[in-house]
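Encoded as structure tokens, the structure appears first; notes follow it.
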């Protein structure tokens, strides 16, 4: 039994020395492998199916927008018109939820590629002026990535606020 414990400890020690994707060598690679074995899917397969889903969602959005724009009459003239039993408003709701689904999948896609996004931001856009290559640690890369997201969502928020403040009701 002592030999069995010794073998198990040597396996744990060997796994903790296995290099990880990030180069940390802290055993996270074996944890990732164990998680993949439990789920049965590799990260490549997850990315593939997410990308296929993004494509299908995008094509569904294009199709719904085309139907709304070119098949239905514009505005209130579409009242009473139906396509496959759905009214203009129902198709409009369908398009909205397709856009929401697409946005959710894009967010998931960015989350799965977060390390790459932060690496590109720091290596391509934050070059030192003296031409020296700077080594960014993971925390700094993450801060720059989160900062970019805050700026992007801030711009969207300002645009939404401007629209909300300047919308005009029809004259009575």
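Every number here is computed from the coordinates shown, using simple stated rules; none is lab data. Because the structure is predicted, anything quoted here is derived from the model rather than measured. Reconstructed Cβ throughout: ideal geometry from the backbone, glycine too, with neighbour counts over all protein chains shown.
Values for this structure:
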read-out: Separation of the residue 97 and residue 41 label points, Cα + 7 Å toward Cβ, nm; value: 2.2
read-out: Residue 153-residue 65 pseudo-label distance in nm [points 7 Å out on the Cα-to-Cβ vector]; value: 2.4
read-out: Extension gain (nm, one decimal) between residue 167 and residue 111, 0.36 nm per residue minus Cα-Cα; value: 16.7 nm
read-out: Extension reserve of the residue 133-residue 52 stretch, reckoned as 0.36 nm per residue once the Cα distance is removed; value: 25.5 nm
read-out: Mean separation of Cα contacts under 8 Å, 6 or more apart, over the residue count of the range 41-112: relative contact order %; value: 45
